[in-house]
Amino acid sequence: MSMSINNLTFTGRVGAVFSIKKFGNGAMLEFTVAVRSNFKNKNGDYDVQWFYCKVWDKPECNFINMLSSQLVKGVAVTCSGTLEFDPATGGPKLFTGTDGVWKAVFGVNIKDVVVQLPKSGGSAAGSASKGASKADTAREEQFEEIDDVPW
């Protein structure tokens with residue numbers, strides 16, 4: 001099995017789902033994910049890093065359509081993929097925000113997405129089952145703690 005050196009896995013909350021773009025030989029779903037730090041900065045605020053995510057799929061597969069129906073603003077997701085670098089800077093893509101301040105965002109070509117469904121659904125898919133491991137329960141509790149999301 002070959003392994004890529006450029007591999008990134010992160011967990012955060014969906015900020016926006018932009019669109020599904022169709023091409024002759026495939027399709028692409030674009031969305032953003034905000035990852036909040038675990039501690040507050042000097043100003044007492046949590047720092048947030050944004051990731052611009054792209055999921056590529058073939059037209060005959062229905063993965064993108066299924067995924068786009070689950071990706072709504074604020075839903076927790078765990079994503080794995082490869083980090084994209086800006087060819088000009090070798091770092092994140094830089095842009096001016098609507099407030100006139102320079103901002104940076106990392107692009108990620110997503111290979112795997114796990115949508116963390118809320119526990120409040122009772123028997124909803126994604127909720128812990130009777131046979132869930134301690135690691136699964138701890139992972140779900142981690143998402144319950146993130147209540148003060150910055151959006």
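Here, each number is a calculation from the coordinates, and none is a lab measurement. This is a predicted model, so every value here is computed, not measured.
What pairs from K40/K73; K58/K103; K42/K73; K42/K103; K40/K111 go past 26 Å between their alpha carbons? Could the numbers behind the result be given before it?
Numbers: K40/K73 23 Å; K58/K103 32 Å; K42/K73 28 Å; K42/K103 20 Å; K40/K111 31 Å.
Going by Cα-Cα distance, K58/K103; K42/K73; K40/K111 fall outside the 26 Å limit.
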- Query: Contour minus end-to-end for D45 and V75, with contour as 0.36 nm per residue of separation and end-to-end as the Cα-Cα distance?
  - Reply: 8.7 nm
- Message: Between the stretch 64-78 and the stretch 1-40, how far is it from one alpha carbon centroid to the other, in angstrom?
- Response: 11
- Item | Potential lengthening between I20 and W102 on full extension [0.36 nm per residue; Cα-Cα distance subtracted] | 26.8 nm
